[in-house]
Number of protein chains: 2
Amino acid sequence: MKIKLAKSYGFCFGVKRAIKIAEDSIDASTIGPLIHNNEEIQRLKENFNVQTLHSIEEAKGIKKAIIRTHGIPKNDLKILEDQKIDIVDATCPFVTKPQQICEQMSGEGYEVIIFGDATHPEVRSVKSYAHNGAKVVLDVAQVKELKLSNKIAIVSQTTRRVEEFLKVVDYLVANFKEVRVFNTICNATFENQDAARELAKEADVMVVIGGKNSSNTKQLFSIAQQHCEHSFLIENENELQKEWFANKKLCGVTAGASTPDWIIEKIIGKISKIKV
Amino acid sequence: MKIKLAKSYGFCFGVKRAIKIAEDSIDASTIGPLIHNNEEIQRLKENFNVQTLHSIEEAKGIKKAIIRTHGIPKNDLKILEDQKIDIVDATCPFVTKPQQICEQMSGEGYEVIIFGDATHPEVRSVKSYAHNGAKVVLDVAQVKELKLSNKIAIVSQTTRRVEEFLKVVDYLVANFKEVRVFNTICNATFENQDAARELAKEADVMVVIGGKNSSNTKQLFSIAQQHCEHSFLIENENELQKEWFANKKLCGVTAGASTPDWIIEKIIGKISKIKV
């Protein structure tokens, strides 16, 4: 069986940057997981004693806090500042951008809409920057339920699909006088998605590697499934099952934006040893 | 044969307003046709001595100028002002809006795109308000040829179809960081279009009444054709042809936004006398 890697996969700029920051911040703590990849977080804990706290309450008494790639709510940041905790900001610059837009647009009297998952930490951090709150929607049906003014600004969770974003944008443009559209979807997400689509079309079996709580990994998996019926999402090599590869000629491999190369290499190594 | 009028048709707010202004401005002149309907312009000339000039040069020496519904280029307006000509503004308020947006957005450093027909007087008037010019496009292919910055504002010619506008908007949003979308398409256009579509679906023959140089009339005609193969565009009752109605049960009638009721009534009167 031949194994082929997607043309673009794995770590994005923001994740690479955050890991570098964490490696340089021995003994620090992150509020919530730094990135959505348990294996990498485990490595940072073992090698650099970077701890992962589960809530802002647990931060009491720590010396140094690393802000996760997804950002944290503005109020949580203030709590850390009030406690004079040393803060290292690993928020992805592509997330800082929608935070700033939310703050600015709501300040200028725009009704701010965030296209994304209201429960995702990135969206919660972005939303917290809007004065008087922002509205979070995942599709047109949800937008239709909102009561909106005629001055609307919209941003997107960085890891969303542009096709879905455009559906919401189109509805707003068709029904409201002014819409300020900020395409805050990250290019790295696009590139990995395009490459996954291309590869899934030719592969007999697709292995998508990444955190099962990672939004962009789940989307890669969804794209893979659309074009290759034998698609599987795994976090590590132990989840591989031999029977997935029976009678398959080409195995495509891709990985989410927070999946480190060392995990990808481990998995490819194990797949290559499977006899089909 | 049954005759059915579209639920919404004919004169829009801006045209009604302009005709009222013209009727109140005896002996005045318009620079270019007040509205895109030759019959109504003829009536205004005969009953109120409202003249139609063909260019700004012809305005020299006139006492009172009426600005047509489509607006005129900013420079032409200045020429009239410099000549101390009394100016009555019949620009449709829905056209004044994109003029203001062009002026403001270009002033704020946005690259202004106008979705519309570059040769249409409305578009030429709107475009003239953008400092350093605006780019006019009719489809995605034309936008792709432009070299654009990352700060874009887009307005639409008031009589364009929203579906086509959205295609251009989608392209821009997918490829640029910030797009300020101003939906300056006029509701009256929508309403007449929706009603024409609905009626064309049930009619055996469709008669669309309006100026052959009227953008919104041509679009009504295009919609009618999509849903009713026997669709005809006429300006007056003399163009009616008996054979169009042979063996037809339901004749649908609609009219462009600058078509006066008296023309519609004349035409319906003549159709109703046709024996099928």
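The values are calculated or read from the model by the stated rules, or taken from the named source; none is laboratory data. Predicted model only: the values in this text are computed from it and were never measured. Cβ coordinates were reconstructed from backbone atoms using ideal geometry, including for glycine residues, and neighbour counts include every protein chain displayed.
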Q: Say whether the condition of being within 13 Å of chain A (Cβ to nearest Cβ) and farther than 22 Å from B:Cys92 by Cα is met by at least one residue in the range B:200-211.
A: no
Q.
Restricting to the range B:170-199, give me the number of residues that are free of Cβ contacts under 8 Å to residues at least 40 places away in the same chain and out of contact with any Phe, Trp or Tyr (no Cβ under 6 Å at 6 or more places or on another chain).
A. 15
Q: Filter the range B:116-155 for residues that are part of a loop (DSSP other than H, G, I, E, B) and touching a residue at least 40 places away in the same chain (Cβ under 8 Å) and give the result.
A: B:Gly116, B:Asp117, B:His120, B:Ser128, B:Tyr129
Q. Quick one: what pairs do we get from the range A:35-48, first residue among the hydrophobic types (A, V, I, L, M, F, W, C), second at pLDDT below 90 and crowded, with 18+ Cβ neighbours inside 10 Å, C-beta under 6 Å, 6+ apart or different chains?
A. A:Ile35/A:Ser258
Q. Being at pLDDT 95 or above, of a type in the set (Lys, Arg) and out of contact with any Phe, Trp or Tyr (no Cβ under 8 Å at 6 or more places or on another chain), is that true of even one residue in the range A:204-215?
A. no
Q | Residues that are touching a strand residue (DSSP E or B) at 6+ places or on another chain (Cβ under 6 Å) and of a type outside the set (Val, Ile, Thr), drawn from the range B:128-159 | A | B:Ala130, B:Ala134, B:Lys135, B:Leu146, B:Leu148, B:Ser149, B:Lys151, B:Ala153, B:Ser156
Q. Exactly one of (1) modelled with pLDDT of 95 or more; (2) under 20 Å from A:Phe11 (Cβ atoms); (3) surrounded by fewer than 21 Cβ atoms within 10 Å (Cβ to Cβ) is unmet by A:Gly252. Its number?
A. (3)
Q.
Given the options B:Glu58, B:Glu145, name the one that is closer than 24 Å to A:Asn183 by Cβ and acidic (Asp, Glu).
A. B:Glu145
Q. How many of the residues making up the range A:158-196 are more than 7 Å from chain B (Cβ to nearest Cβ) and assigned to a helix (DSSP H, G or I)?
A. 18
**Q.** Condition met for B:Ala65 (under 13 Å from B:Thr30 (Cα atoms) and of a type in the set (Gly, Ala, Ser))
**A.** yes
Q: Please indicate, with yes or no, whether at least one residue in the range B:111-118 is more than 22 Å from the chain's Cα centre (by Cα), closer than 14 Å to B:Gly32 by Cα and surrounded by 14 or more Cβ atoms within 10 Å (Cβ to Cβ).
A: no
Q) Considering only residues of the range A:1-31 that are within 14 Å of the chain's Cα centre (by Cα) and in a loop (DSSP other than H, G, I, E, B), which is modelled with the highest pLDDT? A) A:Tyr9
Q: Would you confirm whether any residue within the range B:51-58 is more than 21 Å from the chain's Cα centre (by Cα) and not aliphatic (A, V, I, L, M)?
A: yes
